[in-house]
1. Could you tell me what percent of the accessible area of segment A:1-147 is made up of carbon and sulfur, with a 1.4 Å probe and every protein chain present?
2. Can you give the % of DSSP beta bridges in the protein assembly as shown that are antiparallel, to the nearest 5?
3. Let me see the P(r) profile for segment A:41-187: every Cα-Cα distance counted, bins of 10 Å, each bin given as a percent of all pairs.
4. Of the options A:320, A:269, A:254, report the single residue whose Cα projects farthest towards the positive end of the charge dipole of segment A:196-324 (beta-carbon charges: Lys, Arg +1; Asp, Glu -1).
5. Could you provide, to the nearest whole Å², the per residue accessible area of segment A:2-183 with probe 1.4 Å?
6. As I understand it, the dipole of chain A uses +1 on the Cβ of Lys and Arg and -1 on the Cβ of Asp and Glu, about the Cα centre. Which of A:117, A:97, A:157 lies farthest toward its positive end?
7. Can you quote the Å³ per residue value for the convex hull of the Cα atoms in segment B:19-353, rounded to an integer?
8. What accessible area, summed over both chains, is buried at the A-B interface (1.4 Å probe, Å², nearest 100)?
Amino acid sequence: MAVISYREALRAAMREELKRDDKVVIMGEEVAQFNGAYKVTEGLLKEFGPKRIVDTPISEAGFIGLGIGASMLGIRPVMELMFWSFSYVAFDQIVNNAGNIRYMSGGLINCPIVIRGPANGGTNVGATHSHTPEAILASHPGIKVVCPATPYDAKGLMKAAIRDNDPVYVMENTILYNDKGEVPDEDYIVPLGVADVKRVGTDLTIVAHGRAVITSLKAAEILEKEHGVSVEVVDLRSIRPLDEETILASVRKTHRALLVEENKPFCGVDAQVAYLIQSKAFDELDAPIHRVSSIDAPQIYCKRMEDLQMPNVERVVAEALKVLA
Amino acid sequence: MAKPAVLTHPESLKRPAGPSEYAKDPVNASMSKAEKIALYTKMARIRHFEQRCIRIYQQGKIGGFLHLYVGQEAVAAGTISLLGKHDHIITGYRDHGHGLMVGMGMNECMAELTGRVTGCSQGKGGSMHYFAPDKNYWGGHGIVGGQAPLGTGLAYAVKYLGLKGSCLAYMGDGAVNQGAVHEAYNLASLWDLPVIFVVENNGYSMGTSQERSTAHPGCLAKRAEGYNMAWDVINGHDVYEVRAKTAIALKRAHEESKPTVLEIFTYRYFGHSMADPDKTYRDKEEIKEYREKKDPVLAFEQELLREKVLTPELSLQINEAAMAEADKAAVFADESPDPTVADITKHIYWEEDNRGPKTTSRGTIIFE
Ligand SMILES: Cc1ncc(C[n+]2csc(CCOP(=O)(O)OP(=O)(O)O)c2C)c(N)n1
Ligand SMILES: [Mg+2]
């Protein structure tokens with residue numbers, strides 16, 4: 001097992017899939033010559049050439065729509081959005097075309113496209129560049145959404161996404177790009193829709209996804225050391241499909257749940273998770289479900305305040321203690 | 001400010017239909033008698049299918065929107081009659097004519113309108129969303145202009161796979177003002193993609209005439225110059241002209257892998273959709289003028305009568321057969337079963353419909 005960064009893990013996944021399947025194409029703004037705005041695709045142009053690694057003009061609706069059209073004929077495009085925030089100018093293509101084509105054609109057409117890129121706040125860039133649209137997009141049947149938190153998951157989920165025959169939207173995180181972790185040398189995938197218990201515990205379940213998993217793991221350590229509480233952390237990894245069983249099994253064990261996400265609270269992913277727990281494990285609960293999410297405002301620019309706006313270790317610890325009280 | 005000269009429908013195109021100047025064009029002169037009759041038959045079938053739809057709609061059996069192609073038949077007929085194995089098409093919501101042209105059956109088309117499981121999309125798409133990928137027909141798209149990038153992508157795939165083919169991406173005169181269309185134009189030209197953007201200029205986008213929607217004073221196809229693309233304008237009332245000029249664009253796509261914008265002047269006889277009372281934005285006189293003097297189906301019939309390819313008897317036979325076919329399709333569409341409640345959640349995800357050890361998805365994907 002090698003220890004590599006989240007960024008390298010994503011790149012390795014794309015490299016391996018480019019080698020495995022000559023229908024895989026990488027496309028996006030600055031992905032080729034510039035080596036990627038976040039260097040995720042660094043070196044791929046040199047290795048695979050301009051037919052496979054394609055720089056696009058700044059036309060998200062145009063090039064993503066083009067990728068969707070190409071995927072209908074069997075190409076497997078992996079489209080980079082410099083930020084998922086920019087998906088909003090291509091929303092019609094991403095939702096109406098990729099998400100509906102199989103359904104509206106009565107199953108005659110598939111759309112095996114991957115759209116990937118960072119979707120996170122916390123980088124001091126203001127509201128337009130800090131969107132986390134996983135809940136918005138996952139609310140559309142026909143679309144799949146995954147949010148890896150570790151290098152292992154980033155690679156495994158990316159490979160699964162590329163092999164998947166439906167549109168899969170991979171939401172990465174610029175703050176995690178340099179995080180390192182163990183990644184197997186041999187070929188593997190992380191199937192979509194399988195959550196991962198990142199830390200085993202008995203007193204409280206924290207459900208999280210994306211960087212909120214990392215925050216929650218740090219909070220769990222403090223809760224253990226300073227408060228003697230044993231916390232289980234469930235990493236959703238995939239938003240849609242959703243691994244309901246792993247969430248419910250954990251809640252049945254701990255009887256208490258705290259849901260943490262970097263989205264704003266209204267209609268966030270955890271609104272759905274809270275509904276799931278109360279509908280399928282109501283009798284198991286010893287306390288109301290609590291949530292920690294970003295403070296409900298457009299993302300603030302001021303870095304000191306943004307750090308407070310988003311879920312941080314202190315807020316997670318404080319909320320966990322309320323659930324345990 | 002002086003009103004710009006609008007070339008919506010140049011006067012020259014309004015001349016009464018006479019012998020086509022394009023009959024001798026090689027793509028037309030080389031057609032056999034049988035091919036000409038087949039082309040006329042297809043145009044007549046579109047006409048009668050659409051007219052039958054009106055009756056079913058008025059009986060309340062078709063829900064939602066119904067956009068008719070009556071008056072525009074020569075556009076789909078002329079362009080699609082030229083296509084080969086690796087040529088693909090995609091269009092907007094006025095999509096019945098294209099469907100019949102690629103060889104979809106009247107039954108599956110009609111049953112889609114009445115929302116039956118026997119419809120081409122199993123009752124999941126409706127009038128605006130016909131699909132027949134086995135016939136290189138990729139829809140049927142309800143969002144104005146949204147199909148232009150998809151068509152460009154189909155052309156990209158054709159090129160990527162090393163095939164000698166193309167994609168014809170149709171849209172209306174209103175669609176050309178959508179950003180996605182301009183992004184697609186730029187990509188198509190920048191990457192030398194074998195796509196032909198076919199602007200079916202019927203003069204109106206819903207109730208807005210072209211001069212009220214488009215700042216550019218020249219014809220709409222001329223915008224191609226801004227993207228370094230070839231373009232042409234076509235009289236869409238003459239199916240021979242449509243074929244002759246489309247053939248040039250197709251050759252450009254096949255031989256040079258270059259895109260083209262074709263603007264085809266045409267006219268719709270009925271309202272924008274059946275929901276449009278058609279009372280506020282154009283004269284009845286204008287419609288009458290087109291119907292009587294420029295009708296593309298009649299014009300082609302006359303052409304073939306003059307060429308002695310058709311006889312009045314044969315024409316009558318063709319039209320009666322098309323009407324009978326549409327009548328039968330109406331009965332089929334009426335008597336076919338609805339999809340079931342269980343069908344609502346099918347065809348959302350490939351992986352869900354095909355779950356097995358090889359699929360990459362687990363977990364819950366359809367929620368209660
Ligand atoms: C994005 C979007 N905006 C508005 C509409 C509503 N709409 C449907 S068709 C249409 C007019 C389009 O006219 P044109 O492009 O000329 O095509 P035609 O109907 O004449 O064939 C409008 C406004 C839509 N379907 N999609
Ligand atoms: Mg129009």
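1. On the way: 2530 of 4590 Å².
C and S fraction of accessible area: 55 percent.
2. Around 20 percent of the beta bridges assigned by DSSP in the protein assembly as shown are antiparallel ones.
3. 11, 40, 37, 12, 1
4. A:269
5. 29
6. Selected residue: A:97.
7. On the way: hull volume 45.9 nm³, N = 335.
Taking the convex hull of the Cα positions in segment B:19-353, it is 137 Å³ per residue.
8. Working: alone 13640 and 17150 Å², together 26360 Å².
Its buried surface, counting both partners, is about 4400 Å².
The values are calculated or read from the model by the stated rules, or taken from the named source; none is laboratory data. These numbers come from a predicted model, not from an experiment. Every residue, glycine as well, gets a Cβ built from its backbone with ideal geometry; the counts of neighbours run over all protein chains shown. Just the protein is used for accessible areas: all its heavy atoms, side chains included, with ligands, DNA and RNA removed. Shrake-Rupley method; radii C 1.70, N 1.55, O 1.52, S 1.80 Å.
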